[in-house]
Amino acid sequence: MQFSYQLYNYSFKEPLITHYGTWTTREGIIISLIDHQGKIGQGEIAPLTWFGSETLQLAISFCEGLKGQITEEEINNIPDSLPCSQFALSSAIFHLSQPLLDEKTLNFKYSSLLRAGDQAIKQLQSHNNPMTFKWKIGVYSIKIEQNIFLSLIESLPTGSLLRLDANGGLTLEEAQKWLSLTDNYTNIIEYLEQPLSPENLHLMLHLNLDYFTPIALDESVAGTKQIEDCYLKGWRGIYVIKAPIAGSTTSLRQICLDYQLDTVFSSVFETYIGRSMSLYLAKDLANSQRALGYSK
């Protein structure tokens, strides 16, 4: 098959502030395949290096090394050290026979990402209807954030749900303080996402048993290998899946089906090409009772 690629670089309308810092620009690669019948399939390489994916430069080197040609066998043998490239090429194979998804045809529920800190309260003034919101924590001190949280709870439209996302940035003591607080609002708090760093899975297993507030894994389950590893180590809670960094779409689909995972598919701020493949997977594999992590 013929192979080509094109770099992209776009700035966010507003910077995204998380425990990792401030993110202002999304960079990635759109790849294209043309088969012997002239059909075109596209995929997207959208690295998220702080989640453990390859860097953009490694992905560029991989694309350059193909010299304009690739076989399906070579696609199936892309190393696990290039999960975003695996996703992109397996997506392109899929799109040789399936069109990009028309999102309007799907009846998905979506969450809305709130700004970090007290900007979230101002943001809620434009929301009147109940929905699922996501708020980043671990950005400011826990005292400041918990005070904001109490105001945030009061500002949510009636019937809404709130997800807290720490991006692995809490200490065990801070996680316990948050869970002790959120256990008072179990009708509102859907889950606490990745309170501790991935190497502390054993502690999160205990936290998930010790508190009423559910815990969701995100950074811990960045790729298919990590997803399977967490399952085999006993995780039966929620899995936040970022498909563009998870690896082969075929492998991801198989693991989710084999283990019947409780999944929430979530964005890495990819373009519509990567989003299309992610939503194809979500259509078949996501927990239909939970809102997808794609801001609306």
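Along the Cα-to-Cβ line of Tyr272, 7 Å from the Cα, sits a label point; which residues in segment 30-54 have backbone N less than 19 Å from it? The answer is 30-33, 40-46, whose backbone nitrogens lie closer than 19 Å to the label point.
In this simple spin-label approximation, Thr71 and Ser11 carry label points 7 Å from Cα along the Cα→Cβ vector, and these lie 4.6 nm apart. Contact order, relative form, for the chain: 19 percent (alpha carbon pairs under 8 Å, 6 or more residues apart, mean separation divided by residue count). Using only Cα atoms, locate the centre of segment 129-177 and the centre of segment 12-26, then give the distance between them in Å, rounded to an integer. Rounded to whole Å, the Cα centres lie 18 Å apart. Segment Arg236..Thr24, full-extension length gain: 72.9 nm, with 0.36 nm per residue of separation and the alpha-carbon distance subtracted. Under 5 Å from the amide H of Lys134 lie the amide H atoms of Ser112, Leu113, Leu114, Arg163, each residue being 5 or more positions distant or on a separate chain, with H modelled from the backbone and absent for Pro and chain starts. Taking only the Cα atoms of segment 2-95, the ratio Rg/Rh comes out at 1.02, with Rh defined as the Kirkwood radius.
Under 5 Å between amide hydrogens, built in the peptide plane, is the criterion, and for Glu193 it picks out Leu164, Asp165, Ala166, Ala216 among residues at least 5 positions away or on other chains. Coupling constants for segment 189-200 follow from the phi torsions by the Karplus curve (6.51 cos²θ - 1.76 cosθ + 1.60, θ = phi - 60°), and in residue order they are 7, 6, 5, 9, 9, 6, x, 10, 5, x, 5, 9 Hz; glycine and proline get x. Dipole magnitude for the chain: computed about the Cα centre from +1 point charges on Lys and Arg Cβ and -1 point charges on Asp and Glu Cβ, it is near 760 debye.
Among Tyr191, Tyr10, Tyr259, the ranking by other beta carbons within 10 Å of each residue's beta carbon, starting with the fewest, stands as Tyr10, Tyr259, Tyr191. Per residue, the convex hull spanned by the Cα atoms of segment 119-252 amounts to 117 cubic angstrom.
For segment 70-95 versus segment 27-48, the spacing of their alpha-carbon centroids is 10 Å. Fewest-first ordering of Trp178, Trp235, Trp23 by other beta carbons within 10 Å of each residue's beta carbon gives Trp23, Trp235, Trp178.
For segment 7-18, backbone phi angles converted through the Karplus equation (6.51, -1.76, 1.60; θ = phi - 60°) give residue-by-residue couplings of 6, 9, 7, 9, 8, 5, 4, 9, x, 9, 9, 9 Hz, Gly and Pro being listed as x. Centre-to-centre separation between the Cα atoms of segment 249-277 and those of segment 185-214: 22 Å. With 23 Å as the limit, the listed pairs Lys13/Lys136; Lys13/Lys134; Lys122/Lys177 have Lys122/Lys177 beyond it between alpha carbons. Spin-label model, Ser61 to Ile121: label points 7 Å out along the Cα-to-beta-carbon direction sit 4.9 nm apart. When DSSP beta bridges are restricted to pairs lying wholly in the chain, around 45% turn out antiparallel. Counting other Cβ atoms within 10 Å as a rough exposure proxy, the listed residues His202, His19 run His202, His19 from fewest neighbours to most.
Think of the chain as having a plus end and a minus end, set by charges on the Cβ of Lys, Arg, Asp and Glu; of Thr24, Ile215, Ser160, Ser160 sits farthest toward the positive end of this dipole.
No lab work stands behind these numbers, since they all come straight from the coordinates. What you see is a predicted model, and the numbers here were worked out from it, not measured in a lab. So basically every Cβ, Gly included, is an ideal-geometry build from the backbone, and we count neighbours across all protein chains shown.
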